[in-house]
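Please treat every number below as a calculation from the coordinates, not as lab data. Treat the numbers as computed from the prediction; the structure is a model and nothing was measured. Cβ placement follows ideal geometry from the backbone for every residue including glycine, while neighbour counts extend to all protein chains displayed.
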Amino acid sequence: MAAGASAPLAAQVASKTPTPPPGYTIADMGGLKHFIPPKPERIAMLIYPGMTALDLIGPQQTFGYTQGCKVDLVWKTLDPIVTDTGVTITPGATLRDVPDPDLIFVPGGGKGTIALMTDSAVIDFLGEKGKSARFITSVCSGSLVLGAAGLLRGYRATSHWAVRDVLPMLGAQLAPGRVVEDRNRITAGGVTAGIDFGLYLTAKLRGEDYARAVQLMLEYDPRPPFQSGTPGQAHADTRDFATRLYGPLLKSAQASAEAARAKWVKG
């Protein structure tokens, strides 16, 4: 498997006849090929207090444009949750109400994500649903939560650059990248990588043609005003400032990773 979204998709582009997933059929939509699922896929997107809204909204927007998917925003209760920037999001289902999903998704965040790494109800939910899910996925530091649930042991994975070095503590093989796929685990980098991730999954579920159409509908043509979006691109002063800013978060993530590992031993 490739360590980024571009290689697998490029391989599909080179193929004149796209290959649908097992059980799917191919339909023609105005000259474009479209994968048809045997039944609607159920996508469970975990939400929680303190999460980063954009980690969720980018993928949710692409899934919302993917016809045939049933998307649930899931939390412990149906009470609205408040994200790390004050945006309020209302769950549509509780952890108890979600049948076995085809795709599990976890967004990242700051303190809220660290707390989730040792939240028994959430960890148990992910561990149980992860046994049968077709895809287990995350954006940003959401991969730390998957890791805490033991779902990344022996898998290549990525996360937000500030905390991705914690992944090996959780049994994962660190593979920095915008989107990293290893078997049925698909993890993405920080925040804005969620849109790339969403399009990547849309291509897997509905085909390259469909994903290209969704990208056009989103008018996704990023042209940032600065080339400072990765540690390698950023000026040294910018990188040092951001690294110091994220220092406490990294230490908290390391402590939660140790606590998660301790639970594995006891279990």
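Explain nothing, just compute: Karplus ³J(HN,Hα) = 6.51 cos²θ - 1.76 cosθ + 1.60, θ = phi - 60°, for every residue of region 110-122 in order, whole Hz, x for Gly and Pro.
Using θ = phi - 60°, the values come out as x, 4, x, 5, 4, 5, 5, 4, 10, 8, 4, 4, 6 Hz.
As an exercise, use a Förster radius of 22 Å and the Cβ-Cβ distance of Asp28 and Asp100 to find the FRET efficiency, rounded to the nearest 0.05. Walk me through the intermediate numbers first.
Working: r = 32 Å, r/R0 = 1.43.
About 0.10, to the nearest 0.05.
With both bridge residues required to lie in the chain, what share of the DSSP beta bridges run antiparallel, to the nearest 5%?
Percentage antiparallel, nearest 5: 40.
If you build a Gaussian network model of the chain, linking Cα atoms that sit under 10 Å apart, which residue out of Leu216, Leu73, Leu205 swings the most?
Leu216
Taking θ = phi - 60°, what integer Hz values does the Karplus form 6.51 cos²θ - 1.76 cosθ + 1.60 yield along region 152-157, in sequence order, with x for Gly and Pro?
Each residue of region 152-157 in turn: 10, 5, x, 10, 6, 7 Hz.
Taking the inverse of the average 1/r across all pairs of different Cα atoms in region 167-251, what Kirkwood radius in Å do you get?
Final number for the Kirkwood radius of region 167-251 is 15.3 Å.
Report, in deg cm²/dmol and to the nearest 500, the calculated mean residue ellipticity at 222 nm for the chain, where each DSSP H run with n ≥ 4 adds -39500 (n - 2.57) and the sum is divided by the residue count.
Calculated from helices alone, the mean residue ellipticity at 222 nm is -12000 deg cm²/dmol.
Could you work out the relative contact order of region 149-200, using alpha carbon pairs under 8 angstrom and six or more residues apart, expressed as a whole percent? Provide the component values of the computation, followed by the final result.
On the way: 88 pairs, mean separation 18.3, N = 52.
Reported relative contact order: 35 percent.
Could you pull out every one of the lysines with an alpha carbon less than 23 Å from that of Lys39, ignoring same-chain neighbours closer than 8 positions?
Result set, ordered by chain and number: Lys70, Lys129, Lys131, Lys204.
Using the beta-carbon distance between Leu218 and Val82 and R0 = 30 Å, what value does 1/(1 + (r/R0)^6) give for FRET efficiency, to the nearest 0.05?
0.70
For Ala255 and Asp237, compute 0.36 nm times the residue count separating them, minus their Cα-Cα distance, and round to one decimal in nm. Provide the component values of the computation, followed by the final result.
Details: separation 18, 0.36 × 18 = 6.48 nm, distance 2.75 nm.
Full extension from Ala255 to Asp237 adds 3.7 nm.
Between Lys39 and Gln67, what length in nm is gained on full extension when 0.36 nm per residue of separation is reduced by their alpha carbon distance?
8.9 nm
Using the Cβ atoms and a cut-off under 12 Å, what net charge is assigned to the surroundings of Ser256, where Lys and Arg are +1 and Asp and Glu are -1?
+2
When the gyration tensor of region 111-224 is built from Cα positions, what are the square roots of 5 times its three eigenvalues, in whole Å, from largest to smallest?
Calculated on Cα positions only, the semi-axes equal 25, 16, 13 Å.
Over region 100-151, what is the mean sequence separation of C-alpha contacts under 8 Å (at least six apart), divided by residue count, expressed as relative contact order in percent?
Details: 75 pairs, mean separation 28.5, N = 52.
Reported as a whole number, the value is 55 percent.
Which whole-percent values make up P(r) of region 203-267 when all C-alpha to C-alpha distances are grouped in 10 Å steps starting at zero?
Taking every Cα pair in region 203-267, the percentages come to 17, 20, 21, 31, 12.
What is the Å³ per residue value for the convex hull set by the Cα atoms of region 1-160?
128 Å³
Counting trypsin sites (Lys or Arg not before Pro) as exposed when in a DSSP loop with at most 11 other beta carbons within 10 Å, what is the longest stretch of the chain free of them?
184-267
Let me have the relative contact order for region 161-267, percent, based on Cα pairs under 8 Å that are six or more residues apart. Display every interim value, and only then the final one.
Working: 63 pairs, mean separation 30.7, N = 107.
With pairs under 8 Å counted, the relative contact order is 29 percent.
Hey, how many Å between the Cα centroid of region 109-157 and the Cα centroid of region 59-75?
Their Cα centres are 19 Å away from one another.
Label-point separation (nm) for Val265 and Thr90, each offset 7 Å from Cα along Cα-to-Cβ?
For the pair Val265/Thr90, the computed spacing is 4.6 nm.
The chain: percent of C-alpha pairs farther apart than 31 Å?
23 percent
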